[in-house]
Structures are given as structure tokens and as C-alpha cells.
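Please read the structure below before turning to the comments.
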Amino acid sequence: MSQSDVSLRHNVRGQKDDTAQSVLDRTIERFTRHVAGHSSRRSLFGRIGAWVTFGALLPTLPVERASAAQTSQPKFKPPTPFAANAQTTDATACNYWRYCAIDGFLCASCGGGVHSCPPGTSPSPTSWIGTCFNPGDGQSYLVAYRDCCGQDACSQPMCLGTEGDQPSYRPQANNDIIWCFGTGALIYNCSTSVIVGNAS
């Protein structure tokens, strides 16, 4: 093969490389001109500024505040086993927070309320007391349990809370006594629970 043939091949290969390079250059040039013709530096900077501003506002969105509020809510440690399972919504259930020291039928299930006797019964003038923890606000309250008397016992399930229960020689904290003294009828119907005050 002569030297002229070799140089001819190199020239053909060089022309092909130049053609391929010029096609790539032309494509990039067209794309760049198209972008430049349809946008301005001002709009590009505006978009970048909008994204930066949006990124800075992300931590202040309501979703972020809601999750932070959930983590900042204090958790109250229940002081007793009853308080660990106590609830604050259903006053007809035995695990209602006020019933930690109750012994009897719930007036809330027998036609009365948490702190009111059913019609036809009268509240006893005496009561026993207990200290119950409210999981809703983390406070402990003195609760007076008063029997409602004058009718036969309510047929609802009976509840027994034994927190702070004392023997009979400490009657103010004993829930086994029928507290219908002074009502005119020693017939027990149900028990109420009245908050007397804050225990702390």
C-alpha cells in the first residue's frame, strides 16, 4: 500500500469525524438557541428563586406543625394499675377514671348520672372518698362516692374499684359499707362519684 493511499484513508476518516462532530455541534447549538429564544435569564432566576423560597417554607407547613405538636404533648405516667387502664369518655364503664374506688352499681347505668341519683332515690348524706387519677389532664382528684337509696338495687353489672380502700375501722375510705344512713330507707340502689377537689 502506497503512502498516498494511507493519507487518503486518513483524510476520509478525518472528514467522517468532522461530520459526526459537526452534527453534534449543530444539535447542541440548535437546542441552546431554542432554549434561549423561548426563555430569558429573568424567568430562569425567577424560577430558581421560587424553588428556593418554597424549600424554605417547607418546615412551616401545617403538617410539620401538627407532627411537632403531637410529639410535644406531655405523656402522663399513670400512678396505679387502675389509672393505666382508665378512660375519660364512657361513664357507664367500670374503667371510667372516677370509679377507681367505687363499689356497687353505677348510677350512670341505672337512670341517673355520674353525680346524680336516679329518679325515686335519694342521696345519702355521708360518703366515702377516693383519690383518682384523670388521664385526660394528668391530675389526681378527690372523689366522693355517695350511695343512692330508696329503691331495689339496679340490675346492671357491678363495679369494684379498690384503690385506697381501707378496713371498716377507717369508714371514710371503706367502700363495703352501705352508706344509706339518714335517708329514711336503707335500701341500696346505686352509687355516684362527685369530684370534691384537686388532690395535689
Relative contact order computed over the range 81-198 (Cα-Cα under 8 Å; 6+ residues apart), in percent: 33
Ordering of 94-103, 108-117 by burial proxy (mean other Cβ atoms within 10 Å per residue, highest first): 94-103, 108-117
Where only C-alpha atoms are counted, convex hull volume of the range 81-198 per residue in Å³: 89
Net charge of neighbours whose Cβ lies under 10 Å from the Cβ of Asn189, counting Lys and Arg as +1 and Asp and Glu as -1: -2
Potential extension, Ile195-Ala50 segment - 0.36 nm per residue separation minus Cα distance: 46.5 nm
Amide H within-cut-off set for Gln139, under 5 Å, with H built and near neighbours excluded: Asn134
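Readers should treat all values here as calculations from the given coordinates under stated rules, not as data from a laboratory. Keep in mind it's a predicted model, so treat the numbers as computed, not measured. Cβ atoms come from the backbone with ideal geometry, glycine included; neighbour counts cover every protein chain shown.
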